[in-house]
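Trainee: Got a structure for you, questions after.
The values are calculated or read from the model by the stated rules, or taken from the named source; none is laboratory data. All values derive from a computational prediction rather than experimental measurement. When we count neighbours, we look across all protein chains shown, and the Cβ atoms used for this are built from the backbone with ideal geometry, even at glycine.
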Amino acid sequence: MILSSTSRRCNSLRELRFGASLACFAAVLLTVGSAASAADEAAGPVGEPYVYTHWETFYASEGGLPNDHIFAITADGDRLWVGTEDGLALYENQTWRSWREKDGLPWRVVSAIAVSEKTGDVWVGLFGGGLARFSGGRFDNFNQFNSGLVNDVVYGVAVLDDTVWVATTAGLSALDTVTGEWEIYTEKNAPMEEIWCYNVDAGDGKVYAAVWGGGILEWDVKTRRWNAHRDPDREMEIDLFRDDGLIHIITTAVSYVDRVLWAATYFGLSRYDGRHWRGYMDHDSGLASNFINFTKGRSATSSYNATDRGLAVLSDFSTDTWVSYRRDTEDAATWTAHISVGNEERRAMSTDLSLPNHFVIAVEIQGNDVWIGTGHGLARGVGAGFFEGLSTPHVEVAKEAGQ
Amino acid sequence: MTGRALLLAICVVSAVSAGAGEPVYVGAEVCGECHDSPQRDQLDRWYLSPHARAYAALALPEAAEIARISGIEENPFSSPICLGCHATASDVEAWQFDSTFHIEDGVQCERCHGPGSEYMAAEIMFDSEAAQLAGLRKPDRRACMVCHKEKGSHTAVVEVTPFNYDEALKKIAHPGFGGELREVTVRLETADDDPHVVGVMVCASCHRGESKGYVASKWRLTRHAEAYAVLGTDAARTMAFVEGVEGDPRQSDACLQCHATETGISRTRGIQCESCHGPGSKHAAQAAAGEPVAAHAVGLFPPTRATCERCHVPGIHGADFDFNSYLPQVDHSRADMTMAQAAAIEYKTPFNLTVSADGRRLFVACEASDSLMVVDTPTRTVVADIPVGNLPHGVCLSPDGKRAYVSNRGDDTVSVIDLSAMAAVDTIRVGDEPHGVVTDLAGRTLYVANAGSADVSVVDLEQRREVKRLSAGRGAWGVSRSPDGGEIYVTNNLSHFVPFRTPSRSEVTVVGTERSMISDRVMIPEANLLQGVDVAPGGEFALVTLVRTKNLVPMTRVLQGWVMTNGIGVLWRDGRFDQLLLDEPDNYFADPTDVAITPDGRLAFVTGGGVDEVAVVDLQRMRAVLESASEEDRRDLLPNHLGVTTEFVERRIPVGRNPRGLAVSPDGLFVYVAEALADAVAVIDVESRVKVATIDLGGPEEITLTRKGESIFHSAEVTYGRQFSCHSCHPDGGIDNITYDIEPDGIGFNPVDNRTLRGILDTAPFKWTGKNKTISRQCGPRLAVFFTRIDPFTLDQVVALESYIRTIPRNPNRYRVGDQLTPSQRRGKALFERTVTNSGAEIPVEGRCNSCHPAPYFTNRELATVGTASELDTHDVFDVPHLNNIYESAPYLHDGRADTLEEIWTRFNPNDEHGVTNDMTKDQLNDLIEYLKTL
């Protein structure tokens, strides 16, 4: 398939580059014997992205997770926090611990989790219960009755320095954990066309809020000014001009990493490097679906997207190389990984991921591994031999050397 | 320019400076542009009233004394409490004044009638309804009584005539008689070279304060200041007529040459500085620059007898003038040390201490003297007394012994002391009300327990700044480092919030030093007031002091420890926790405050602040008692068992008054104990378990009435079995966070939340029912019946106790920096003062926040029904609490059911009986809360 791709006419710059790299390394490829390890399978031929072929699945019935309906996954070093419909869970040293309301969790539905790098406090968004701080085994609950939190229906949480940002159904709240002061942002004091804040992320002195029906709001902590990012063509049904801005205003998640903002919407994915926007839809990219629940940027050139039809990974921005993991049929035993460049599939690979449902709600990256949460369980893609971007001869040599 | 045009011009200027529609204070002189005429002489009538002298009166020695006995530590001229009644607009921001406003005018027109910028225009004022719509207030009795209700602080110092509202109203009545507005006499512009009068307010901008002898205020209290205003009185008119002056003496040059310094509206200020010192246009700048010689060169006169006799001609107005007797009345040539003298008696009140690694130096934090005292232990003498911040509490040393760190709970800082220079070299800002301090083993990080903000400051000692804040329990208090340096144990004085009628739950917070993050929180059931902490040398357990307050049952009996018991907690490394009592039947150990374990791990010494004793705990026997008990007994029996104490408490060593912190010498031979109310340090010989010496810290010999009261407050002598003291429920004069069921109003009924004692003198009546009009009644015989159960305080004791309680200071409000409000606080203030709802409907007066909660104490000191009575309450009328520093006295409402300020209105005001708030949006409530925290 790969060799056949180089013989085709290259109509786009992306394809030209891709074909050239393949041609250069073809000889190397031919000299390398095919390996039977999972890592080799995951890596594939040179010029292809890493593929998670080996997965571990976790279900509540196994006694670890408190519930299979996964809403949030957050990595904290070697620890992994999981928010479910009925409890909070921690995976550490291959052991699960969980907390339900009877264990002090203020509300059963955990919709978001963020960990403060400074204090180690775990901030837990509760869908209907406000916000909780979990620290040293103690839960403190901040809700709309006992604090300045604007609303108890919390969708997202982020921590920037000493401030906790909370995305709620009725606006954005910010808690200064040193002074105890709460600030509320709604349409009264922010350019919110809608106040339904679905997600929040922060970094480099900026806070990004994904507003369902309101685009992305960017808050500069230093200047205390808002900047709104919306779809310039303001069309709800189609994206009239690709790459003119945010692809759609019904945004569900944001992820800021390496000075790039990844924005998930129900109508595609956007990438913003501070100057240029790039939009992706399922008909012209490797996105499994335009309906994206969550996005997590691994780097400026790679993001992992939880869609209603599987996990779509943009492995390499410059070559528009994707790997999408999904069930090809309803009764398929396992998920299949589809490698594509743009929307042109290169090949499919089988995996051992067996989650029964590919409506992916949450995704997190932990080192080389990836975690996905669905309505029917949690899975970890084991990133043995993981590499970023596309496989190169160095990778092949390293594989040969057993590295 | 005509007077009316000038007035309109002023209006325009004011409107521009205020912003569209925002009322600002314009000052009495602007009011006087119209209200100073034969038909409307309100300005002069006011100027002659005590209202106009109210600000200046703060310079009197009596004011300093009133402040002192009220626990107000600031200069009255800086205190929001004093200024709240002695000035106008003391609680507003700088942008809310026009340049024509002078705080020196005391209680002036706008104090009662509201900021005048929007209603002062003549055409508005002629229309009463329009004026009120523009902000003109017509005060009623309620407005007057905010300040004129009897204040204990004032009646204790000055003779106060009981206030009769109706009579007082007659005295200040200032009706006008209508008619045309007078023409305003405007000062002619002079050439720059001509010296001219600038007015006393220019002088007053510098000549104020202690270093300047409160000159401006003292002038205002003299008859010179009222020389012009008296011309409007009937007596003056009569006198003028007799002397051949026709018409209004205020228009007569013959009178004005001696009764006013300048023309224009400011002549109201009578004989001002420049009448004696010469026109100030030239010398004011020089004087302001501190250049007296230059000032003299351009016209600053030193007045002489001749200066006075220009007007004080012998026989004038039938009076003789004795220069020598009148001069002292106006002499303002020296600094005024009245206020400093008011605080002349300064005790030490040592709180916590630490010993150097070589054992040769003892470092003692002294709360009353704001200092760190250094003692040479071989000679047992004081070798240094180093000034630090306000209310120093805890002290620790750097591991290399070169620096000491002292927490100052009164100004939220840590002082860094260079021990070679024996001086404070730096100040680090930390959280609210810092208490215990300890460094890590390497001396790179300092951990500070902040009682007020319920957290631990992590301070980078190389950068000398706080780098993070870790959430602790409530009232973070004491700290101790594990021997391996891996952990810091933090005790928390207050229980976490618990549902009503459930046991307390207090926390020991454990901080891992590797990453300076919380590693554990150990919850201690049924205990509170966790203060002292020390870790055993082997690290296998930590000891904490604790109290077990029995607030779940009515306080009807004191036998068997049914009010509170006192003991220690043992926090084992594996997370288990034991509690043991230090009490014996009928001989309790009130106020266990600190604990120190000897280096060999054999003994623990515990101070009993209320019993003036130090308990000696044999740790081996203590462990034996615990290990021989079943798990069930360890959990349920031993924490309440008064009968096993003597099995592990060897003895109680008598020491001096109110022992607080203690430290063991590194060689384990001695224990040093801070005798807080004896201004001394006790030296206990460990081997003999006997106090062998007293190190005198050099406090005053005289024991003042207040100091006696402080001793009584901290002593358990007056309670049955010495079970508890006043301090037990009011640590640091604050709260213990407990809701009690007290007998007098029915057993099982009327639960009441404990209230702070900080700054309460003028907030009578007391108790949630408002039944006690004075502190002395609150602490009088009834206290014995319902609390202490043995003989009540004697009259002398009550007087002394009240003398102390009323001086307990309130800490500076940490949310308000100067007069500046944050945008949220500003919006909140507007909500606090609002008169209409969001939809424009008028809020009834009784439904407005500031009706029941007016400044400066934010209580009208009345009783009110606000819909907060529960099914357990037999009445629904409660004393309106003051709101000063309200943020530090959670929980709220009379029974403490509201954990946070928000809950007062989100949960417990469904019918808008506690203020009209249900129309507010969440962000509005947020803003209101942010403002309340600044009060």
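Trainee: Just the residues that are touching a Lys or Arg at 6+ places or on another chain (Cβ under 8 Å) and over 18 Å from B:D732 (Cβ atoms), please, taken from the stretch B:468-485.
Mentor: Correct list: B:K468, B:S471.
Trainee: Moving on to the next point. Filter the stretch B:648-662 down to residues that are assigned to a strand (DSSP E or B) and over 31 Å from the mean Cα position of the chain (by Cα) and give me whichever is nearest to B:D685 (Cα to Cα).
Mentor: B:I653
Trainee: Of the residues that make up the stretch B:96-103, is at least one assigned to a helix (DSSP H, G or I), modelled with pLDDT of 90 or more and at negative phi?
Mentor: Within the stretch B:96-103 (the criterion being assigned to a helix (DSSP H, G or I), modelled with pLDDT of 90 or more and at negative phi), the answer is yes, since at least one residue qualifies.
Trainee: Which condition number does B:A451 fail, the rest of (1) aliphatic (A, V, I, L, M); (2) within 13 Å of another protein chain (Cβ to nearest Cβ); (3) buried (at least 24 other Cβ atoms within 10 Å of the Cβ); (4) closer than 29 Å to B:T565 by Cα being met?
Mentor: Unmet for B:A451, out of (1) aliphatic (A, V, I, L, M); (2) within 13 Å of another protein chain (Cβ to nearest Cβ); (3) buried (at least 24 other Cβ atoms within 10 Å of the Cβ); (4) closer than 29 Å to B:T565 by Cα: (2).
Trainee: For the stretch B:163-210, enumerate the residues that are hydroxyl-bearing (S, T, Y) and modelled with pLDDT of 75 or more.
Mentor: Within the stretch B:163-210, B:Y165, B:S205 qualify.
Trainee: Being under 29 Å from the mean Cα position of the chain (by Cα), surrounded by 15 or more Cβ atoms within 10 Å (Cβ to Cβ) and under 22 Å from B:L543 (Cβ atoms), is that true of even one residue in the stretch B:709-717?
Mentor: Yes, that holds for at least one residue.
Trainee: Sticking with this one: Determine which single condition A:S116 fails, assuming it passes every other condition in (1) more than 10 Å from every other protein chain (Cβ to nearest Cβ); (2) more than 19 Å from B:N926 (Cβ to Cβ).
Mentor: (1)
Trainee: Condition (residue is assigned to a strand (DSSP E or B), modelled with pLDDT of 95 or more and of a type in the set (K, R)) applied to the stretch A:103-113: is it met by at least one residue?
Mentor: no
Trainee: Given the condition at pLDDT below 90, buried (at least 20 other Cβ atoms within 10 Å of the Cβ) and more than 27 Å from B:L530 (Cβ to Cβ), answer yes or no: does some residue in the stretch B:780-789 qualify?
Mentor: Among the residues of the stretch B:780-789, not one is at pLDDT below 90, buried (at least 20 other Cβ atoms within 10 Å of the Cβ) and more than 27 Å from B:L530 (Cβ to Cβ), which makes the answer no.
To keep it simple, each residue is scored yes or no on (1) of a type outside the set (S, T, Y); (2) in contact (Cβ under 8 Å) with a residue 12 or more places away in the chain; (3) part of a loop (DSSP other than H, G, I, E, B); (4) crowded, with 18+ Cβ neighbours inside 10 Å.
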| site | (1), (2), (3), (4) |
| --- | --- |
| B:P744 | yes, yes, no, no |
| B:R758 | yes, yes, yes, yes |
| B:G770 | yes, yes, yes, no |
| B:R777 | yes, no, no, yes |
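Residue-wise test of (1) assigned to a strand (DSSP E or B); (2) within 14 Å of chain A (Cβ to nearest Cβ); (3) free of Cβ contacts under 8 Å to residues at least 12 places away in the same chain.
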position	(1), (2), (3)
B:I488	yes, yes, no
B:F500	no, no, no
B:E507	yes, yes, no
B:M523	yes, yes, no
B:L546	yes, no, no
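Trainee: Filter the strands (runs of 3 or more DSSP E) completely within the stretch B:567-615 down to those with at least 3 residues that are of a type in the set (A, V, I, L, M) and modelled with pLDDT of 95 or more.
Mentor: The strands (runs of 3 or more DSSP E) meeting that bar are B:592-597, B:603-608.
Trainee: Still on this model: Can you list the strands (runs of 3 or more DSSP E) found entirely within the stretch A:224-309 that contain at least 3 residues being under 20 Å from the mean Cα position of the chain (by Cα)?
Mentor: Answer list for the stretch A:224-309: A:251-257, A:260-265, A:268-272, A:277-280, A:292-299, A:302-307.
Trainee: When you go through (1) assigned to a loop (DSSP other than H, G, I, E, B); (2) among the hydroxyl-bearing types (S, T, Y); (3) more than 14 Å from chain A (Cβ to nearest Cβ) one by one for B:S803, which number turns out not to apply?
Mentor: Among (1) assigned to a loop (DSSP other than H, G, I, E, B); (2) among the hydroxyl-bearing types (S, T, Y); (3) more than 14 Å from chain A (Cβ to nearest Cβ), B:S803 violates only (1).
Trainee: Here's something else I'd like to know. Quick one: which of B:T513, B:T509 is of a type in the set (V, I, T) and either more than 30 Å from B:T549 (Cβ to Cβ) or surrounded by fewer than 24 Cβ atoms within 10 Å (Cβ to Cβ) (or both)? Don't jump to the end; show me each part of the working.
Mentor: Numbers: B:T509 fails: either more than 30 Å from B:T549 (Cβ to Cβ) or surrounded by fewer than 24 Cβ atoms within 10 Å (Cβ to Cβ) (or both).
It is B:T513.
Trainee: Related question: Starting from residues that are buried (at least 19 other Cβ atoms within 10 Å of the Cβ), facing chain B (nearest Cβ under 10 Å) and of a type in the set (D, E), keep the ones in the stretch A:151-193 and report whichever is farthest from A:A112 (Cα to Cα).
Mentor: Filtering first and then ranking leaves A:E181.
Trainee: Determine, yes or no, whether A:S98 is more than 11 Å from every other protein chain (Cβ to nearest Cβ), within 26 Å of A:V178 (Cβ to Cβ), of a type in the set (S, T, N, Q) and out of contact with any Asp or Glu (no Cβ under 7 Å at 6 or more places or on another chain).
Mentor: no
Trainee: Could you tell me which of the residues A:K222, A:K206 is within 28 Å of A:H276 (Cβ to Cβ), in contact (Cβ under 8 Å) with a residue 24 or more places away in the chain, more than 14 Å from chain B (Cβ to nearest Cβ) and not aliphatic (A, V, I, L, M)?
Mentor: Only one candidate passes the filter, namely A:K206.
Trainee: Can you name the condition, by its number, that B:S495 falls short on among (1) within 14 Å of chain A (Cβ to nearest Cβ); (2) in contact (Cβ under 8 Å) with a residue 24 or more places away in the chain; (3) under 30 Å from B:S870 (Cβ atoms); (4) in contact with a Pro (Cβ under 7 Å, 6 or more places away or on another chain)?
Mentor: B:S495 satisfies every listed condition except (4).
Trainee: All but one of (1) under 27 Å from A:R138 (Cβ atoms); (2) in contact (Cβ under 8 Å) with a residue 40 or more places away in the chain; (3) part of a loop (DSSP other than H, G, I, E, B) hold for B:P537; which doesn't?
Mentor: (1)
Trainee: Something else about it: Look through the stretch B:304-318, keep the residues that are outside any helix (DSSP H, G or I) and surrounded by 10 or more Cβ atoms within 10 Å (Cβ to Cβ), and return whichever of them is nearest to the chain's Cα centre (by Cα).
Mentor: Here is the first cut: in the stretch B:304-318, the ones outside any helix (DSSP H, G or I) are B:304, B:310-315.
Within this subset, residues satisfying the condition of being surrounded by 10 or more Cβ atoms within 10 Å (Cβ to Cβ) are B:304, B:310-313.
On the way: B:T304: 44, B:R310: 48, B:C311: 46, B:H312: 46, B:V313: 50 Å.
For the stretch B:304-318, the residue satisfying everything is B:T304.
Each row is one residue, and each column tells you yes or no for (1) touching a Pro at 6+ places or on another chain (Cβ under 9 Å); (2) modelled with pLDDT under 90.
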| site | (1), (2) |
| --- | --- |
| B:D679 | yes, no |
| B:V692 | no, no |
| B:E710 | no, no |
| B:V718 | yes, yes |
| B:S728 | no, no |
| B:I742 | yes, yes |
| B:R755 | yes, no |
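Per-residue answers, yes or no, for (1) within 14 Å of chain A (Cβ to nearest Cβ); (2) buried (at least 21 other Cβ atoms within 10 Å of the Cβ); (3) more than 28 Å from B:D745 (Cα to Cα); (4) free of Cβ contacts under 8 Å to residues at least 60 places away in the same chain:
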site: B:N860; (1), (2), (3), (4): no, no, no, no
site: B:T865; (1), (2), (3), (4): no, no, no, yes
site: B:H882; (1), (2), (3), (4): no, yes, no, no
site: B:E930; (1), (2), (3), (4): yes, yes, yes, no
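Let's see how each residue does on (1) outside any helix (DSSP H, G or I); (2) of a type in the set (D, E, K, R); (3) within 9 Å of chain A (Cβ to nearest Cβ); (4) touching a helix residue (DSSP H, G or I) at 6+ places or on another chain (Cβ under 7 Å):
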position	(1), (2), (3), (4)
B:E871	yes, yes, no, no
B:D895	yes, yes, no, no
B:W905	no, no, no, yes
B:N918	yes, no, no, no
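Trainee: Any chance you could count how many residues in the stretch A:119-150 are polar (S, T, N, Q), more than 7 Å from chain B (Cβ to nearest Cβ) and not in a loop (DSSP other than H, G, I, E, B)?
Mentor: Qualifying residue count, the stretch A:119-150: 1.
Trainee: Sort through B:T934, B:T906 and tell me the only one that's out of contact with any Cys (no Cβ under 7 Å at 6 or more places or on another chain) and either surrounded by fewer than 19 Cβ atoms within 10 Å (Cβ to Cβ) or in contact (Cβ under 8 Å) with a residue 40 or more places away in the chain (or both).
Mentor: The match here is B:T934.
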